[in-house]
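Working notes for the structure below.
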Amino acid sequence: MTAAHGFGWEPVLRRALAADGGEPVLVWVEGTAGAGKSHLLRELGALPGAAAATRLEWRCGVPGGQPQEGPREGPVLLLVDDVHRADEDERERLRRVLEASWPGLAAVVTYRPEELRTPGLPLGTPTPRYPSGLTVLRNRLTAWDEERVRRAATETLGDRCTAEVVGRLLERSGGVPQVVVDLLAVVRGRPAEECTAGDVDAAGVPVRLAELVLGRMSALPAADRPIIWAAAVLGEPAGRDELIGVSGLGPARGGSALLAALTGAALAELDEGSYGFPAPLAASAVHGAVPGPLRQELHERAADVLTRRQPVPWTAVARHRRAAGQVRGWLRAVERAARAAAEAGRHQHAIGLLEQALASSLVPPQTRARLAPLLARSAVVALRSDQTVEVLTQIVRDPTLPATVRGELRLDLGLMLCNQVGRFAAGWQELETAAAELRDVRPDLAARAMSALAMPYWPGSAIDVHRKWLRKALAATAASGDEATLATAAVARASLAMSCGDREAWELVAALPTGSPDPVCRRHAARGLCNAADAAVWLGCYQRAEALLTEGLDLSAASGAPYTEHTALGTRLLLEWWTGRWAGLAERCERFVATTADMPFIASDARVVRGLLAFAEGDWGAALSWLSGQGAITPENMPTALAATASGALVRLALARQDPAGAAEQARRAWSGVVGKGVWVWAAELAPWAVEATARAGDLPAARAMVRDFAQGVEEREAPAARASLSWSRAVLAEVEGEQQQAADLYAQAEAAYGTLRRPYARALTAEGAARCLLAVRSPGPGGADGEAAPPGTPSGRSPGAPEAEGPGDGAADATAQLVAALDSCTQQFGDLGATWDAARVRALLRTQQPARKGRPPGRPSHADELSPRESEVAQLAASGLTNREIAATLHLSSRTVEQHVARAMRKTGAFSRHDLARHT
């Protein structure tokens, strides 16, 4: 539990145990119960020099625990445990040993300072007369910090250990090592794949700790025990006067009881003038041992005592009032605690208090009508809580609820359903109903509902419907004159304009009330900035998006808007994907998904980015899982722009797997969603793949219509990403129609646009397309360096099987060499990004353009013990999860050839499986 290595006295011990007998040393080690003293003594046996020394172990207070008389010369390691338990004879014998110390003696003596007969004197009186040559040191074992608790938890739980578990272990144990170890022993037996704080709570009080604290309390006179009960009921360190006040003993009697509790180690002074239990869980053991009626009285006095603190800890007061059975006092304290938490931006704390209160049948209707709006207001800006949704859903159905309160609750419930939960249809219906209910009684809240309905991100309604609601919201807002309502409408107007790429959008964003003195207005402004950042990412305005994200995140954190903050963090992941900041991006996405696991709508940005990365790496199984597997929401239920991106990746995956019919069907459904929404700039990440899939399925008229509608939709829009995508889409269509020169020109145009945008992955893909088409112009026809034809019906260069070509004619050699160099550059760019599958695919295309060198000796070069370049390439793709057929399509090989390469790679590397190849390549 506690490592001996690293203490300052370790070198002194080593010197004392030297073969020639070093200067003797005595180390007193003090530590409270459970601090790890006995474990430390066991570890000292591994010290350098200990093996050659005579080791004497002495366990005090245990019959037969004393060692026989040992040598009084040469290296001797004397380990004495629990000297606080020693009787007078043992203490006297130990004094004699220490007073007669000799060169080579290294003595380590442990004790509990709280259980010494004479405080501060391990051997009592008389104290030992230490020889002048004896080095005497003292070391105190302290509680573990968070890092040490994390190490212990990781050693016990492995991958099941989480930061949540570590935090709760530290909180419940106080860092007392034995308590941590005992809790982990229970948590380890739970079947969950990932442990939570709830698992730590369910472990209860460890037996050792309960017996220790209850035994020490029982050793006190019955008249003194209320001071221990008071500490347990308070459940936190408290001062002398507070403990005495809760105990009900009175100043004189309470003071002597506290002194007795400290002397008997039932309580400890945790800080100057502050008393409690070293391990907070000990309070639970004592609390459970107090008779119920007495416990209620203690809680009532605790509530009274705490209301005299400044500021009043209303959350703790609420807990004590409820435990005392004082329902009205409990609800008043809950309300005051929730309001204070919400004003401080601690909305999750407010939600927890209010959820618990509103779930109780003890709450009268008038109080419920007052508390429910508090819960709803915090829930809208905080993170998801399914319980909050359930509570609010039940409350809005209450026929006794005032109409104004019902409308306000319905508004916030609709926002939660749409934003945090992702139940758009249900949320939209609640918002429409709220707008109607509130129109005459609360026009300001009705305007908020209308502003929410104007937000275009949610799937389902067309952009014209959102514009209609925006007009209604602006009219209602102007009539209300409320500053917060005006801010809400301003955010809706700016968000809608930014999403569509309207020319006025940036002016509207600049006018958001970021400097308002009203915290509610600032919170709305933070949401507006983060919405604008998200829209700017989809438009392709990446530098502006970065600036908006920074400002929006800062304002969200300062104004207490965790939901807005998390949506902005998801936007940042998308920004990093497009701008090529892929180093560590997969891990960042996975961490984000883990922290938002119960909010699939917020986690969807990270899931899509993680799926895109997996596809580029060639791990198609993982890509499909991230994009549409368990835990993912379907594209039909995603925000339209993200749905188009995810669908584009799924279309590309189907093309890569040589499933043109499946790709075309996926493209048709996704394109229908974009058409239905009518925000054409959001088609940018779908259009090239949808056009290709549709055209290769043989429906050229539909593909041409896609390009035409896309062009008309982004005309007059400030959307550089959409314009680059339009050039790319036109290039794809021209390539499929056989217009290779025109396609090459359009690919080059797209490449230049993506270069300006600083999107390296899209730039490399379009540069590859330009080079591929020009090669096809100069050297049409099948065949390649490996002598194997590409599979029929494979898609263009963004997926397997680019058109092949034989060696160029002499007149075009220089031009072809330039194109080959361009493709080689693409391979390098893909490799630098980590797009291993794209790099392998382009290398395969390059080999079709590089004829065998003249004079090359027959046969292949020898790679008897090492992987050949081709074997290494195949092994990497196999390890990523691709099948032999998929690898064959990528590298222009037959499945049989791939099978042979995989077998040779496994034999040469000693890999046990295809997946195991990842460790060897």
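Quick one: 3J(HN,Hα) in Hz for region 630-639, Karplus 6.51/-1.76/1.60 with θ = phi - 60°, rounded, Gly and Pro as x.
Per-residue couplings from phi come out as 4, x, 8, 8, 5, x, 5, 10, 8, x Hz.
Could you tell me the calculated FRET efficiency between S360 and R72, based on Cβ-Cβ distance and R0 = 56 angstrom, to the nearest 0.05?
Efficiency for this residue pair is about 0.20.
What dipole magnitude, in Debye to the nearest 20, does region 518-672 give about its Cα centre under +1 on Lys/Arg Cβ and -1 on Asp/Glu Cβ?
180 debye
What dipole magnitude, in Debye to the nearest 20, does the chain give about its Cα centre under +1 on Lys/Arg Cβ and -1 on Asp/Glu Cβ?
So the magnitude is around 800 debye.
How long are the semi-axes of the equivalent ellipsoid of region 529-603, taking √(5λ) for every eigenvalue λ of the Cα gyration tensor, in whole Å from largest down? Please report the intermediate quantities before stating the final value.
Values: eigenvalues 64, 60, 19 Å².
The equivalent ellipsoid of region 529-603 has semi-axes of 18, 17, 10 Å.
With every protein chain present, what accessible area does D814 have (1.4 Å probe, heavy atoms only), rounded to the nearest 10 Å²?
120 Å²
Please go through region 573-625 and write out the trypsin sites (Lys or Arg not before Pro) that DSSP classes as loop and that have at most 15 other C-beta atoms within 10 Å.
Qualifying residues, ordered by number: R581.
For region 285-408, list log₁₀ I(q)/I(0) at each q in 0.13, 0.23 Å⁻¹, using the Debye formula over Cα point scatterers of equal strength and ignoring solvent, two decimals each.
Each listed q maps to, in turn, -0.56, -1.28.
Measuring with a 1.4 Å probe in the full set of protein chains, what accessible area per residue, in whole Å², belongs to the chain?
42 Å²
Stretch A219-V207 to full length: gain in nm at 0.36 nm per residue minus the Cα-Cα span? Don't jump to the answer; show the numbers that get you there.
Details: separation 12, 0.36 × 12 = 4.32 nm, distance 1.80 nm.
In short, 2.5 nm is gained.
In whole Å, largest first, what are the principal axis extents of the Cα atoms in region 592-660?
35, 23, 16
Describe numerically, in nm with one decimal, the distance between label points set 7 Å from Cα along Cα→Cβ at E716 and at A425.
3.5 nm
Run the numbers on the chain and let me know its relative contact order in percent, using alpha-carbon pairs under 8 Å that are six or more apart.
5 percent
Against the globular-protein guess of 2.2 N^0.38 Å, express the Cα radius of gyration of region 427-472 as a ratio, rounded to two decimals. Don't skip to the end; give the middle numbers.
Working: Rg = 10.0 Å, N = 46, 2.2 N^0.38 = 9.4 Å.
Dividing the Cα Rg of region 427-472 by 2.2 N^0.38 Å gives 1.07.
Starting from the amide H of V29, placed 1.01 Å from N in the peptide plane, find each other amide H under 5 Å away whose residue is 5 or more places distant or on another chain.
V109, T110, Y111, N139
Taking a ≥ b ≥ c as the square roots of the eigenvalues of the Cα gyration tensor of region 584-630, is the shape rounded (a/c under 1.5), prolate (a/b larger than b/c) or oblate?
Cα axes put region 584-630 in the oblate bin.
How large is the Kirkwood hydrodynamic radius of region 648-761, counting all unique pairs of alpha carbons, in Å?
Evaluated on region 648-761, it is 13.9 Å.
Return, ordered by residue number, the residues of region 293-309 whose backbone nitrogen is under 19 Å from a label point located 7 Å along Cα→Cβ of D241.
Taking a point 7 Å out along Cα→Cβ of D241, the residues of region 293-309 whose backbone N falls under 19 Å are 301-309.
Would you mind computing the Rg to Rh ratio of region 180-225 from its alpha-carbon coordinates, Kirkwood style for Rh?
Ratio of gyration radius to Kirkwood radius: 1.20.
Between D87 and A185, with labels modelled 7 Å along Cα→Cβ, what's the label distance in nm to one decimal, could you check?
Distance between the two pseudo-spin positions: 3.0 nm.
Report Rg(Cα)/(2.2 N^0.38 Å) for the chain, keeping two decimals.
With N residues counted in the chain, Rg over 2.2 N^0.38 Å equals 1.23.
Report the full-extension gain for the segment V441 to A597: residue separation times 0.36 nm, less the Cα-Cα distance, to one decimal in nm.
Roughly 52.3 nm would be gained on extension.
Determine the sum of side-chain charges near G407: Lys and Arg each +1, Asp and Glu each -1, restricted to other residues whose C-beta is under 15 angstrom from that of G407.
Residues near G407 contribute -1 overall.
Express in whole angstrom the spacing between the alpha-carbon centres of region 263-335 and region 208-224.
19 Å
Give me the number: length gained by fully extending W102 to A462, i.e. 0.36 nm times residue separation minus the C-alpha to C-alpha distance, one decimal in nm.
Stretched out fully, the W102 to A462 stretch lengthens by 120.4 nm.
Can you order the peptides 242-248, 156-162 by their average number of other Cβ atoms within 10 Å per residue, highest first?
Answer by packing, highest mean first, reads 242-248, 156-162.
For region 536-636, with all protein chains present and a 1.4 Å probe, just round the carbon and sulfur fraction of the accessible area to a whole percent.
On region 536-636, the fraction of accessible area on carbon and sulfur atoms equals 55 percent.
Restricting the count to DSSP beta bridges whose residues both fall in the chain, what percent are antiparallel, rounded to a multiple of 5?
So the antiparallel bridges in the chain amount to around 20 percent.
Straight-line reach only, C-alpha to C-alpha below 20 angstrom: list the aspartates and glutamates that K468 could link to, leaving out same-chain residues fewer than 8 apart.
Partners within reach: E430, E432, E437, D440, D444, D502, E504.
Give, as ranges by residue number, the residues of region 345-380 whose backbone N falls under 15 Å from the point 7 Å along Cα→Cβ of R332.
367, by backbone N distance to the label point.
Once a ≥ b ≥ c are taken as the square roots of the eigenvalues of the Cα gyration tensor of region 23-91, is the result rounded (a/c under 1.5), prolate (a/b larger than b/c) or oblate (a/b not larger than b/c)?
Because a/c hits 1.5 or more and a/b fails to exceed b/c, region 23-91 counts as oblate.
Could you look at region 34-92 and say what percent of its accessible area is carbon and sulfur, using a 1.4 Å probe and all protein chains?
47 percent
For the pair R42 and L121, what calculated FRET efficiency results from E = 1/(1 + (r/R0)^6), where r is the Cβ-Cβ distance and R0 = 30 Å, to the nearest 0.05?
0.70
Can you give the Rg to Rh ratio for region 1-134, taking only C-alpha atoms and Rh from Kirkwood? If you can, show how the numbers build up before the last one.
Working: Rg = 13.9 Å, Rh = 14.9 Å.
Checking Rg against Rh, the ratio lands at 0.93.
Between R704 and S894, what is the spin-label point distance in nm, taking each point 7 Å from the Cα along the Cα→C-beta axis?
4.1 nm
Using the beta-carbon distance between A51 and T196 and R0 = 41 Å, what value does 1/(1 + (r/R0)^6) give for FRET efficiency, to the nearest 0.05?
Efficiency for this residue pair is about 0.40.
Residues of region 489-523 with backbone nitrogen within less than 11 Å of a virtual label 7 Å along the Cα-to-Cβ line of A558, please, listed as ranges.
514-517, 522-523
The values are calculated or read from the model by the stated rules, or taken from the named source; none is laboratory data. A quick note: this is a predicted structure, and the numbers were derived from the prediction, not measured. Reconstructed Cβ throughout: ideal geometry from the backbone, glycine too, with neighbour counts over all protein chains shown. These accessible areas exclude ligands, DNA and RNA; they are computed on the full protein's heavy atoms, side chains included. Shrake-Rupley method; radii C 1.70, N 1.55, O 1.52, S 1.80 Å.
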